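Comments concern the structure below.
The values are calculated or read from the model by the stated rules, or taken from the named source; none is laboratory data. What you see is a predicted model, and the numbers here were worked out from it, not measured in a lab. Cβ: placed from backbone, ideal geometry, glycine included. Neighbour counts: every protein chain shown. Surface areas here come from the heavy atoms of the whole protein model, side chains and all, with no ligands, DNA or RNA. Shrake-Rupley method; radii C 1.70, N 1.55, O 1.52, S 1.80 Å.
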Amino acid sequence: MIEFELSPQQRQLKEFLHWFAEQQVRPASLEADKNHDTPLPLLQQAKAMGLSMESVPSGGGPGGVEGGQGERQGNRIGVIAAEELAWGDASFVLNLPGAGLGGPPVRFMGTPEQKERFLSIFNGPELRWGAYALTEPEAGSDVAGIRTTARKEGDHYILNGTKTFITNGAKASWNVVFATVDRNLGRAGHRAFVVEKGTPGFRVGRIMDKMGLRASETAELVFDNCVVPVENLLGGEERYLQREGFKVAMQTFDSSRPTVAAMAVGIARAAYERAREIARQNLMLGRPSPRYAAIVEALATMARKIDAARLLVWKAAWMADARVPNTKEASMSKAYAGQIGMEVCSMAIDVAAGAGLLHDEYLEKWFRDIKVYDIFEGTGQIQRLVVSRRIFDDLGVRI
Ligand SMILES: Cc1cc2nc3c(=O)[nH]c(=O)nc-3n(C[C@H](O)[C@H](O)[C@H](O)COP(=O)(O)OP(=O)(O)OC[C@H]3O[C@@H](n4cnc5c(N)ncnc54)[C@H](O)[C@@H]3O)c2cc1C
């Protein structure tokens with residue numbers, strides 16, 4: 001039997017986060033968008049409340065959160081939290097302190113000593129971030145084509161290359177950086193290093209000025225004969241015999257894509273609710289009656305697509321909690337939520353018409369923010385490719 005009810009623990013969390021998003025996060029979001037950052041006091045407040053990148057965007061991580069009867073539900077809690085907080089402001093979610101997308105590779109692959117060294121820094125009261133640096137100017141979707149090199153010299157690796165579009169990469173205490181020891185080896189040559197702030201040869205390039213999610217930092221990172229100690233190679237050399245570096249880069253997405261999709265659902269829901277309120281006010285004023293049918297139809301379409309996207313997200317998160325392979329479902333949820341998010345935000349502006357374009361109207365910001373959900377963590381095209389590959393894998397055909 002399929003159960004759609006939230007547990008009392010999940011419902012309580014959802015209600016609490018909704019209250020926080022409504023009272024604190026959303027009111028600060030337009031200013032944060034203009035200033036390109038979330039106000040520090042708000043992040044400090046979130047940290048004091050126990051909100052971090054560990055509790056939200058990584059979906060609770062592979063360890064998960066234990067539920068009432070020892071049931072693992074970290075990923076489900078992660079997607080509920082991500083939707084609710086992104087309903088307030090998606091940039092705020094990405095700005096939450098913690099290891100972020102850098103957390104899963106350290107947890108999946110790190111030695112016990114590395115996990116302790118790199119993850120324990122987030123336990124204190126200070127605001128600290130980790131980040132995940134895979135994308136390069138010439139290797140975005142084509143992850144296997146990364147060109148950043150790692151050359152072993154004694155007890156160090158020397159990294160050379162550039163990473164681009166790295167969320168929180170500049171402010172991070174460390175970045176998980178993917179590099180190749182030999183491009184001829186393809187995926188088998190990939191390695192994951194933890195590069196700490198201040199490492200010789202590592203510098204931050206430009207901070208990228210974007211259309212949406214403007215309060216979230218996106219950085220270019222430069223490695224110029226960057227000297228990384230061998231102890232910072234995640235998992236040690238023997239872990240890489242079976243293309244582990246590439247696998248870990250991809251495994252990260254199985255847990256993060258449903259959470260990113262949940263954020264898209266949160267933005268879409270915010271836009272839908274705003275459009276519904278504008279429509280309600282207009283209809284109560286008796287205008288614009290000729291558009292009544294179209295507006296009612298638009299609202300029904302938005303509500304239906306949001307619900308469908310959420311069900312895909314919850315299924316992918318449930319599978320992750322149950323330790324059921326969820327690559328296909330994670331990509332389905334991300335592809336669908338990113339796509340319908342854009343449709344819903346656009347339809348919401350149609351409902352509001354001119355008012356929806358004003359800079360001090362949230363709809364304009366959400367319209368800009370939602371676009372990236374069909375780009376980062378793998379574009380919509382790539383998600384559809386992942387899904388179709390899995391479909392044909394099931395048929396025993398390699399495409
Ligand atoms: C705000 C933001 C934050 C980001 N944060 C991070 C981060 O923290 N860490 C990180 O490593 N990266 C991050 N990224 C990078 C992001 O993951 C890449 O932008 C994304 O993977 C796409 O790569 P690309 O931009 O190089 O586009 P390309 O890969 O050059 O794609 C261009 C177009 O070609 C299509 N395409 C490419 N290959 C195929 C194919 N095989 N089949 C069909 N279509 C294809 C794509 O779908 C797209 O439409 C971030 C990006 C943004 C915008």
Whole-Hz couplings from phi, Karplus 6.51/-1.76/1.60, listed for the range 303-316; x for Gly and Pro: 4, 5, 5, 5, 4, 5, 5, 4, 5, 5, 5, 5, 5, 5
What list of ³J(HN,Hα) couplings, whole Hz, do you get for the range 363-380 from phi and the Karplus terms 6.51, -1.76, 1.60, once you set θ to phi - 60° and write x for glycine and proline? 4, 5, 5, 4, 4, 6, 5, 5, 4, 5, 5, 9, 10, 7, 6, x, 5, x
Can you tell me which of 120-132, 386-398, 317-329 comes out highest on packing, and rank the rest after it, using the mean Cβ neighbours within 10 Å? 317-329, 120-132, 386-398
Excluding residues on the same chain fewer than 8 positions from Lys315, give the lysines whose Cα lies under 22 Å from its Cα. Lys14, Lys305, Lys328, Lys334
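May I ask you to order 28-37, 220-229, 332-341 by the average number of other C-beta atoms within 10 Å around their residues, highest value first?
332-341, 220-229, 28-37
Take the solvent-accessible surface of the protein heavy atoms, probe 1.4 Å, and return the percent of it on the chain that carbon and sulfur atoms account for.
Answer for the chain: carbon and sulfur cover 56 percent of the accessible area.
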Could you pull out every one of the lysines with an alpha carbon less than 22 Å from that of Lys152, ignoring same-chain neighbours closer than 8 positions? Lys163, Lys197, Lys247
Given Ser388, His359, Gly266, which one lies farthest toward the positive end of the charge dipole of the chain, if we put +1 on the Cβ of every Lys and Arg and -1 on the Cβ of every Asp and Glu? Ser388
Residues with amide H under 5 Å of Gly98's amide H, sequence separation 5 or more or different chain, H placed in the peptide plane at 1.01 Å from N; which? Met53, Arg128, Trp129, Gly130
